[in-house]
Amino acid sequence: MRAAVHTAANQPMRIEELADPRPKAGEVAIDVRSCGACHTDLHVLKGELPFPTPTVLGHEVAGVIAELGPDVTGLEVGDRVVTSFIMPCGQCEQCARGNEEICRKFFEFNRGKGRLYDDETRLFRPDGEPVWMYSMGGLAERCVTPATSVYRVPDGVELSDVASVGCSTMTAYGALRHAANVQVGDTVAVVAAGGVGSALIQLAAVFGASMIIAVDISEEKLAGARKLGATHVVNSAEADAPAAIRELTGGRGVDVAFEALGAVPTFDIARDSVVEGGQVVVVGIAARGTTAEFDLATIARRKLQIKGSYGAKPRRDMPVLLDLVARGLLRPQDAISRHYPFEQVQDAYDALKRGETVGRAVIDIG
């Protein structure tokens, strides 16, 4: 099969021929049709998140099941599916407690090593050299992932429309539902209207937020945010964003501010935009070593809540999201602004690096 292989920081990926991966017990092989281009992949490409090389990135997969490993039930060859970027083992103490988003085995074996839960990769060059996997390694014609991360796509839904559901949409849902527990009538700010920010805006509208304020430095992204459900927009390159947010909310600030980029300036805006007792939810993945500041006395006196959120609970939440899509209440395709053929996979990430991608870009592979 063909795969886009990352070999060194700040070097372009190369499309190579790798051996077809085979699933082991409890795993599924998927013929990839589409894969979203996520900013987290870009962190790896730039060397900001240490990861072994050579590796295959890509963790927003939509495709068709090609092969089932032993002991897989409830799925069949030929099923149209999407994957969650978090691949819960279903066995560790965190999974047992319902904390699948911080599955211990996922962080121990995959995030740091690029392997599945037998401590081995499923990807190899023709000479037998191992190639590591970021999540399931979806920037390839075929990938292998635990069955716990695989979900049927409803009939009538295009695969390329839902590739990003397993990462950007699921990440947004986890932040809204589990971290912030947004209620009908709450006011929210989404700071950075990129891929995850776009999903936050869409889902905040589904959750019934009364005011959704999008903050970005790009007028194009802010225009896109309005189309996705933002009630107000603020260009932080032209205005004092926290002051603008307080003006829009009658001086009080928002109930919840989501930081969706992983950068100090966006965190500062979120921190300074919430009402007393409000929540600042950090969703964006920052480069390792990035630090931000906050006044401890201010946090105590204003009863601020600063939370981190890393995805949703796949086995509980992915069926909910796909049901929303099937019923037309959630349209992830509206956030997709660009499609790239597989041969132009590097172009997708170069555009993302330059800040040109509005919402999400998708690489069409199969």
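The values are calculated or read from the model by the stated rules, or taken from the named source; none is laboratory data. Everything numeric in this text was worked out from a predicted model, so none of it was measured. Cβ placement follows ideal geometry from the backbone for every residue including glycine, while neighbour counts extend to all protein chains displayed. Areas reflect the complete protein model, heavy atoms only, side chains present, ligands, DNA and RNA absent. Shrake-Rupley method; radii C 1.70, N 1.55, O 1.52, S 1.80 Å.
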*Tell me which residues, restricted to region 167-212, are in contact with a strand residue (DSSP E or B) (Cβ under 7 Å, 6 or more places away or on another chain), free of Cβ contacts under 8 Å to residues at least 60 places away in the same chain, open to solvent by 10 Å² or more (accessible area, probe 1.4 Å) and in a helix (DSSP H, G or I).*
ALA205
*Mind checking whether some residue in region 89-98 is in contact with a strand residue (DSSP E or B) (Cβ under 8 Å, 6 or more places away or on another chain) and open to solvent by less than 10 Å² (accessible area, probe 1.4 Å)?*
no
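Pick out the one residue from ARG360, ARG316 that is in contact with a helix residue (DSSP H, G or I) (Cβ under 8 Å, 6 or more places away or on another chain), modelled with pLDDT of 95 or more and charged (D, E, K, R).
Sole residue among the options that is in contact with a helix residue (DSSP H, G or I) (Cβ under 8 Å, 6 or more places away or on another chain), modelled with pLDDT of 95 or more and charged (D, E, K, R): ARG316.
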*Determine whether PHE258 is in a loop (DSSP other than H, G, I, E, B) and either in contact (Cβ under 8 Å) with a residue 12 or more places away in the chain or open to solvent by less than 30 Å² (accessible area, probe 1.4 Å) (or both).*
no
*Identify, from the list THR291, THR231, THR266, the residue that is in the same structural domain as ALA193 (by the TED database), touching a residue at least 12 places away in the same chain (Cβ under 8 Å), open to solvent by 40 Å² or more (accessible area, probe 1.4 Å) and closer than 22 Å to ALA205 by Cα.*
THR231
*Criterion violated by LYS105 - all others in (1) touching a residue at least 24 places away in the same chain (Cβ under 8 Å); (2) open to solvent by 10 Å² or more (accessible area, probe 1.4 Å); (3) assigned to a helix (DSSP H, G or I) satisfied*: (1)
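Select, from THR40, THR53, the only residue that is open to solvent by 20 Å² or more (accessible area, probe 1.4 Å), β-branched (Val, Ile, Thr) and modelled with pLDDT under 95.
Numbers: THR53 fails: modelled with pLDDT under 95.
That would be THR40, the only listed residue that is open to solvent by 20 Å² or more (accessible area, probe 1.4 Å), β-branched (Val, Ile, Thr) and modelled with pLDDT under 95.
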*Given the conditions (1) at positive phi; (2) open to solvent by 60 Å² or more (accessible area, probe 1.4 Å); (3) among the small types (Gly, Ala, Ser), and given that GLY328 satisfies all but one, which numbered condition is not satisfied?*
(2)
*Could you list, in sequence order, the residues of region 274-288 that are over 26 Å from ARG360 (Cα atoms) and either open to solvent by 50 Å² or more (accessible area, probe 1.4 Å) or in a loop (DSSP other than H, G, I, E, B) (or both)?*
GLU276
*State whether the residues of region 335-343 include one that is outside any loop (DSSP other than H, G, I, E, B), out of contact with any strand residue (DSSP E or B) (no Cβ under 6 Å at 6 or more places or on another chain) and either modelled with pLDDT under 95 or not assigned by the TED database to the domain that holds GLY36 (or both).*
yes
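Please work out if TYR349 is buried (at least 18 other Cβ atoms within 10 Å of the Cβ), within 18 Å of the chain's Cα centre (by Cα) and in contact (Cβ under 8 Å) with a residue 60 or more places away in the chain. Step through it out loud before you land on a result.
Values: buried (at least 18 other Cβ atoms within 10 Å of the Cβ): yes; within 18 Å of the chain's Cα centre (by Cα): yes; in contact (Cβ under 8 Å) with a residue 60 or more places away in the chain: yes.
Yes.
Condition (residue is under 23 Å from ASP41 (Cβ atoms) and either modelled with pLDDT under 95 or in the same structural domain as SER273 (by the TED database) (or both)) applied to region 204-215: is it met by at least one residue? Before the answer, list the steps.
The initial filter retains those residues of region 204-215 that are under 23 Å from ASP41 (Cβ atoms), namely none.
Within region 204-215 (the criterion being under 23 Å from ASP41 (Cβ atoms) and either modelled with pLDDT under 95 or in the same structural domain as SER273 (by the TED database) (or both)), the answer is no, since none of the residues qualifies.
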